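K.L.:
Quick one: the structure is below, and I'll ask about it shortly.
The values are calculated or read from the model by the stated rules, or taken from the named source; none is laboratory data. Given the structure is predicted, the values throughout are model-derived calculations rather than measurements. Note: ideal-geometry Cβ built from the backbone for every residue, glycine included; neighbour counts use all protein chains shown.
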Amino acid sequence: METDAITIFLKKIPFFKVFNDKELFRLVGRKKVFKNCNKGQYIFKQGDSGSSLFVILFGRVELVKPGEKGEESIILELKTGTVFGEVAMLTKNKRNLDARASTTKVVAMEFKLEFVEKMLPSIQTKFHKQLLYILATNLDTMNMRYAKLEASTSMRYANLKANVLVYEDGYEEDQ
């Protein structure tokens, strides 16, 4: 009964839409798959083993880069449905950021690499296809952000070279 409610809920998360009920049961019908965190608690910290990936079922998670002197930079805030930690899991590298709950409550599913490697081949294939789609989508988003940043930087450099100061409202002033 409880698993049925979880299965219905999971089908609303894009990552799980390709799995049928039996496959979803195999994914969630085991111990310690769910990770619960309160605001400010860490899901993982920089330097931790990258042996698993996570899917946010509820809440938001901040990806944080800690600085050397205690300062930190929030790189990105992730929302419900987001898969994260997949790069470290696939490359078997240590985590290069902290992941911290940024809402009152966060619930995430954790998939350890050893579990993924032992999945039935049909489930594992779907799981890997979903990961490939996510990686490709994330790469495309990063490429678009980089192109915008590059264009912005080039325009600023050209304006500085021409001794023209351009304000955010578009007003230009010769120097």
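K.L.:
Restricting attention to the range 85-128, which residues are aliphatic (A, V, I, L, M), more than 14 Å from V28 (Cα to Cα) and in contact with a Cys (Cβ under 8 Å, 6 or more places away or on another chain)?
P.N.:
Result: A101, V106.
K.L.:
Hey, does the range 144-158 have a residue that's part of a helix (DSSP H, G or I) and closer than 28 Å to C37 by Cβ?
P.N.:
If we filter the range 144-158 for residues that are part of a helix (DSSP H, G or I), which is where we start, we get 144-158.
Imposing the further condition that a residue be closer than 28 Å to C37 by Cβ reduces the set to 145.
Within the range 144-158, one or more residues are part of a helix (DSSP H, G or I) and closer than 28 Å to C37 by Cβ.
K.L.:
Consider E110 carefully, then state whether it is among the acidic types (D, E), at pLDDT 90 or above and either within 18 Å of F44 (Cβ to Cβ) or part of a helix (DSSP H, G or I) (or both).
P.N.:
yes
K.L.:
Take the residues in the range 2-26 that are among the hydrophobic types (A, V, I, L, M, F, W, C) and exposed (fewer than 12 other Cβ atoms within 10 Å of the Cβ), then tell me which one is modelled with the highest pLDDT. Before the answer, list the steps.
P.N.:
Taking the range 2-26 and keeping what is among the hydrophobic types (A, V, I, L, M, F, W, C), we get 5-6, 8-10, 13, 15-16, 18-19, 24-25.
Adding the requirement that they be exposed (fewer than 12 other Cβ atoms within 10 Å of the Cβ) leaves 5, 8.
Values: A5: 77, I8: 83.
Ranking the qualifying residues of the range 2-26, first place goes to I8.
K.L.:
Looking at the range 27-37, can you tell me whether even one residue there is part of a strand (DSSP E or B) and either of a type in the set (A, V, I, L, M) or surrounded by fewer than 17 Cβ atoms within 10 Å (Cβ to Cβ) (or both)?
P.N.:
Checking the range 27-37: at least one residue is part of a strand (DSSP E or B) and either of a type in the set (A, V, I, L, M) or surrounded by fewer than 17 Cβ atoms within 10 Å (Cβ to Cβ) (or both).
K.L.:
Tally up the residues in the range 71-103 that are assigned to a loop (DSSP other than H, G, I, E, B), among the polar types (S, T, N, Q) and surrounded by fewer than 12 Cβ atoms within 10 Å (Cβ to Cβ), please.
P.N.:
Count: 1.
K.L.:
Write out, first by first residue and then by second, each pair whose Cβ atoms fall under 6 Å of each other, whose residues are 6+ apart or on separate chains, and whose first residue, in the range 131-158, is at pLDDT 90 or above while the second is surrounded by 10 or more Cβ atoms within 10 Å (Cβ to Cβ).
P.N.:
Sorted first by the residue in the range 131-158, then by its partner, the pairs are L131/E86; I134/V83.
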